[in-house]
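The values are calculated or read from the model by the stated rules, or taken from the named source; none is laboratory data. In this text the structure is predicted, and so the values were computed from the model without any measurement. Neighbour counts run over all protein chains shown; Cβ positions are idealised from the backbone, glycine included.
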Amino acid sequence: MNNPTGNQVRSFPVQESEHKLGVGVGCSAGHGDDCDLIEPRPLSGHPKSKPEEIYTDVSFEQRRLNLGATPSTGTFVTTMDLDLTVACNMRCTYCFKEKWNEHMEDRVAFDALVWLLYASGPTKDLNVNFMGGEPLMRFPLIQRMVPFGKRRAWQMGKTMHFGITTNGTLVTDKVVEFWKKWGMGFHTSIDGIPEIQDRNRPMASGHGSARLVEKAVPKILSYRSNTTARCTVVPESVGSLVKNYRYFRSLGYTNIAIVPGGPGLWTEKSNAIYEQQLSDLGDILIEEFRNGTFINLKGIDDAISGIVRSQRPQHLCGAGRGLLLVDIHGDMWPCHRWNKASEGSWRIGNIYEHFNQMARAELDRNCQTELLEEDCEHCVANKYCGGGCPAENLEETGKVYKRHPNACEHTRVWARVGQRVHDVLYKEQNSTFLKHYYNNAKTAANTTTVAT
């Protein structure tokens, strides 16, 4: 196995009757006990499955893990990003993920689900996000993992929810039917109009991907209409944000995330274009609300939510706290965004070896925003900014709590535009706006201010 961390994957066989959290024993992630024969109760929103539909063909003997490799202190892990593969059928120009032709072994995939059940402590609701590479390259494995995970969670009095991040090129009717059957969530990575999509997100063959994604979107939205279109913005395409937005809306998206990438690549000129484009999108968003249509446009939505909440978040995100990534070798990292090749000191452990609380101690804090090195107190975005992406911060500045100046500027743009959209719609007492952000409240004292 090609293991870039140099760690040998080991296992620790024990009997299932020995399961006990925190004593360093192993467990099976598969058959071998009577409870596997129990038909699981139907979960809310999921169909009742026949017993033969929830069995896996991964043998008991192949699956062992160390349950001592779970948190003994700090935050329980309740959400897991799972790299089912590092292979991908695309070659996106800005991709931060390592690429070679290797998949996670089936044994590791099933063991990771069981590991999460124990690493989550008393928490009942758990989340697993299939990542990659392109995770749909492992669809046959996903078809076995999801029912397995739900059954095992039910046996422990828990619920395990599954989601996936996909580039959309491998979505078929069969895939969508599976998602629907098991209530999976997901979002699609799509960068905008075909010209930009094909340039930023070409196939491994060099051909464009827009045609394949356009073919998949109706299938996706027919199942889950609130699926997010996740658009990465680079300086070369920043002048097309309004075109991209209109394109997403023409496809049927109502949840749209337009996220700048690579802060170090931006200039004063591209930042100015970004603000003008976002300002124009703010005008469009106001009209959408006036027409009775709620659109969740990330950044602007984050800003408005922060204005209404009027309290700064304490954390950047869940990375390294309630969220961890398990990679194809069983190694644990703060999240899928971490650059494993250059940031090896952030390896938190391995599900077959140990859990290193000290490796995540810098992230597992009660209040992260107090540690930020910027002058946040007087920033226009201080009501909702949690300090950005810690992995991006680490790459750009060498510190998880120090942002690149351009990243801060992009957040301030969101804040200025979001404040204006809020003030206009609140003054008009727009019913769609109030229903979503104020839950039909008739008044919201001390929320309208002027951004500078």
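Some notes on this structure:
- Leading residue by the ranking (surrounded by the most Cβ atoms within 10 Å (Cβ to Cβ)) among those in region 120-133 that are at pLDDT 95 or above and closer than 25 Å to Val175 by Cβ: Phe130
- Among the residues here, Gly386 qualifies as within 28 Å of Leu265 (Cβ to Cβ), at pLDDT below 90, under 23 Å from the mean Cα position of the chain (by Cα) and outside the structural domain of Glu98 (by TED's automatic domain parsing).
- Here the helices (runs of 4 or more DSSP H) wholly within region 376-439 that include at least 1 residues being within 19 Å of Asp301 (Cβ to Cβ) and not aromatic (Phe, Trp, Tyr) are 405-427, 431-437.
- Which numbered condition Thr293 misses (of (1) over 22 Å from the mean Cα position of the chain (by Cα); (2) in a helix (DSSP H, G or I)): (2)
- Any chance Arg403 is touching a helix residue (DSSP H, G or I) at 6+ places or on another chain (Cβ under 7 Å) and at pLDDT 90 or above: yes
- Any chance Ile273 is in contact (Cβ under 8 Å) with a residue 12 or more places away in the chain, touching a Gly at 6+ places or on another chain (Cβ under 7 Å), β-branched (Val, Ile, Thr) and surrounded by fewer than 21 Cβ atoms within 10 Å (Cβ to Cβ): yes
- Candidates are the residues of region 309-329 that are surrounded by fewer than 23 Cβ atoms within 10 Å (Cβ to Cβ) and of a type in the set (Gly, Ala, Ser); the one that is farthest from the chain's Cα centre (by Cα) is Ser310.
- Selection status of Val146, farther than 30 Å from Gly320 by Cα, of a type outside the set (Phe, Trp, Tyr) and in a helix (DSSP H, G or I): no
- Here region 170-206 is the region considered, the condition is being of a type in the set (Gly, Ala, Ser) and more than 25 Å from Thr93 (Cα to Cα), and the residue that is surrounded by the fewest Cβ atoms within 10 Å (Cβ to Cβ) is Gly185.
- Looking across region 196-225, the residues that are under 19 Å from Pro260 (Cβ atoms) and either free of Cβ contacts under 8 Å to residues at least 24 places away in the same chain or not β-branched (Val, Ile, Thr) (or both) come down to Gln197, Arg199, Asn200, Arg201.
- Residues (more than 25 Å from Gln368 (Cβ to Cβ) and among the small types (Gly, Ala, Ser)) located in region 264-322: Ser270, Ala272, Ser279, Gly282, Gly292
- So Trp115, is it buried (at least 17 other Cβ atoms within 10 Å of the Cβ), touching a residue at least 40 places away in the same chain (Cβ under 8 Å) and either of a type in the set (A, V, I, L, M) or assigned by TED's automatic domain parsing to the domain that holds Val259 (or both): yes
- Criterion: assigned to a helix (DSSP H, G or I) and either in contact with a strand residue (DSSP E or B) (Cβ under 6 Å, 6 or more places away or on another chain) or farther than 21 Å from Lys174 by Cβ (or both) - qualifying residue of Leu117, Leu141: Leu117
- Of Phe110, Phe76, all but one fail to be of a type in the set (Phe, Trp, Tyr), surrounded by 17 or more Cβ atoms within 10 Å (Cβ to Cβ) and at pLDDT 90 or above; the exception is Phe110.
- Residue that is farthest from Lys435 (Cα to Cα), among those in region 302-333 that are basic (Lys, Arg) and assigned to a loop (DSSP other than H, G, I, E, B): Arg321
- Among the candidates Glu275, Glu268, residue that is farther than 30 Å from Ala87 by Cβ and touching a helix residue (DSSP H, G or I) at 6+ places or on another chain (Cβ under 7 Å): Glu275
- Residue within region 292-305 that is at pLDDT below 95, out of contact with any Lys or Arg (no Cβ under 7 Å at 6 or more places or on another chain), among the polar types (S, T, N, Q) and closer than 14 Å to Ala415 by Cα present: yes
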